[in-house]
Amino acid sequence: MSSTARTPTGPVTGSIARPRRRVPFWDNARYACIVLVVLGHAIQRLTYDSDIAMAMYLAIYAFHMPAFAIIAGYFSKSTPPTKKQMARVITDILVPYVIFELLWTLTKWLVEGQANPNITEPSWTLWFLLALGIFRLVLPYLALLRWPLVWSLLISIGAGYLNNVDSTFSLSRTLGFLPFFVLGWWLREHDVVDRFRLIDFRPWWLRLIAVLIFAVDAFIAWNWVELWASIDLDKWFFYNDTYADLGGDEWWSGGIRLLLIAIGLLLSAAFFVLIPRRTTWWSKFGQYTMYVYLLHSFVLYPFRESGILRDAEPTWIWLPTVIVLSVVIALVLATKPVRWLFRPLVEPRARWLFSDERLGSDTSRRDDPTGSRRPRDS
């Protein structure tokens, strides 16, 4: 999941619009997000035996996917899609989804000796790919309404009460994370980021507040970690199950999701404040986060299934090791050799699908599903 910033377009002078420029902040934010995704999945097996790992897991899951959804929304358009944009939903989202679902089916059959092919049930990380497609589908309709943010909140909260809204086509998680995506779109639609210079405005006291927010997040996650584990708070952060399935049968259970959304927004804001706005050595990797997102689960799969990270003691050795390896995995999977090798799977053109082959033949650049533009041959 990568990024070219919408060049803050802003007003134009005379009849000439300002040229597009890449804003490294968004590449930095995407790469930081994908590192957190890899880290969250990597330490998951440690959470069974380590309170510290569980606290870190909860602290990460409270905001990392909300932040990703906000970024995706920021680079999405609510206008009716053109033919080329519609074709790219197919080539950038739907075709990779089918390819990787088939790969997961094959992997499970080879490793576990059995597989249950079901394209309607996304495997592991693939739910977010489908969510991006559904987000794009519903956004033009939400944008027609007054108060689209309010409607997205009502949809998210209301979905948790409905037993028939489940993981089929990742609908439950998609609706759960919808407010974050719509917020990202709303921020761009109303030019909030550029108008208030939110990327450039970084006084020391604001960064200090952001650090304090994360310190409080870590303290709360650690100090009451046994309580959070007992109520399955991690599953609440998935936005995947109904309130009843999570033990929330009360009529006010939707208020818990509303609180979690508020926490996700607060932590995401603090996260963005701490992201460097200048070009860094790792900014370029933020253009290729879709490779990391789709491939890292295959790297982690042996560790997940073998149980090697169960009873991994002492924690003070294993947890830092897993953290370092997560960063390394996120770096390696975004490198040029890996991109060259897996491009046909991650970035298929599928010209044969279209009645007009030109819709799948544009090789000048590639749009990441979260909105980034990058050279096709980079």
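Can you give the FRET efficiency to the nearest 0.05 for residue 327 and residue 232, using r as the Cβ-Cβ distance and R₀ = 30 Å?
0.60
With +1 assigned to the C-beta of every Lys and Arg and -1 to the C-beta of every Asp and Glu, and no other charges, what is the dipole magnitude of the stretch 80-186 about the Cα centre in debye, to the nearest 20?
Around 460 debye, computed over the stretch 80-186.
Treat each spin label as a single point 7 Å out from the Cα along the C-beta direction, and report the residue 215 to residue 150 distance in nm.
Here the answer is 3.9 nm between the modelled labels.
Just want the ordering: 193, 111, 89, from fewest to most Cβ atoms lying within 10 Å of their own Cβ.
With the fewest neighbours first, 193, 111, 89 line up as 111, 89, 193.
Mind checking which of 272, 116, 230 is farthest towards the positive end of the chain's charge dipole, using Cβ charges of +1 (Lys, Arg) and -1 (Asp, Glu) about the Cα centre?
272
Cβ under 13 Å from residue 211's Cβ, residue 211 left aside: what net charge do those residues give with Lys, Arg +1 and Asp, Glu -1? Before the final figure, lay out the partial values.
Numbers: positive: 202, 207; negative: 217.
Result for the neighbourhood of residue 211: +1.
Suppose every K and R has +1 on its Cβ and every D and E has -1 on its Cβ; what is the size of the dipole of the chain about the Cα centre, in Debye to the nearest 20?
Computed about the Cα centre, the dipole is about 2340 debye.
Please give the charge dipole size of the stretch 155-296, origin at the Cα centre, charges +1 on K and R Cβ atoms and -1 on D and E Cβ atoms. Round to the nearest 20 debye.
I would put it at about 920 debye.
Please identify the longest segment of the chain free of exposed chymotrypsin sites (Phe, Trp or Tyr not before Pro), where exposed means a DSSP state other than H, G, I, E or B and no more than 11 other Cβ atoms within 10 Å.
In short, 1-195.
Give me the percent relative contact order of the chain, please, defined on Cα pairs under 8 angstrom at least 6 residues apart. Let's see the in-between values first.
Values: 526 pairs, mean separation 128.5, N = 378.
It comes to 34 percent, rounded to a whole number.
Per-residue ellipticity at 222 nm for the chain, helices alone: DSSP H runs ≥ 4 residues times -39500 (n - 2.57), over residue total, nearest 500 deg cm²/dmol? Please list the in-between numbers first.
Numbers: 16 runs with 217 residues, N = 378.
Counting only the DSSP helices, I get -18500 deg cm²/dmol.
How much net charge surrounds residue 139 when only the other residues with a Cβ under 13 Å from the Cβ of residue 139 are counted, with Lys and Arg +1 and Asp and Glu -1?
+2
Taken together, the values in this text are just the output of simple stated rules run on the coordinates, not laboratory data. Note that the coordinates shown come from a computational prediction; the quantities given were computed from them, not determined experimentally. All Cβ positions, glycine included, derive from the backbone under ideal geometry; neighbour counts span all protein chains shown.
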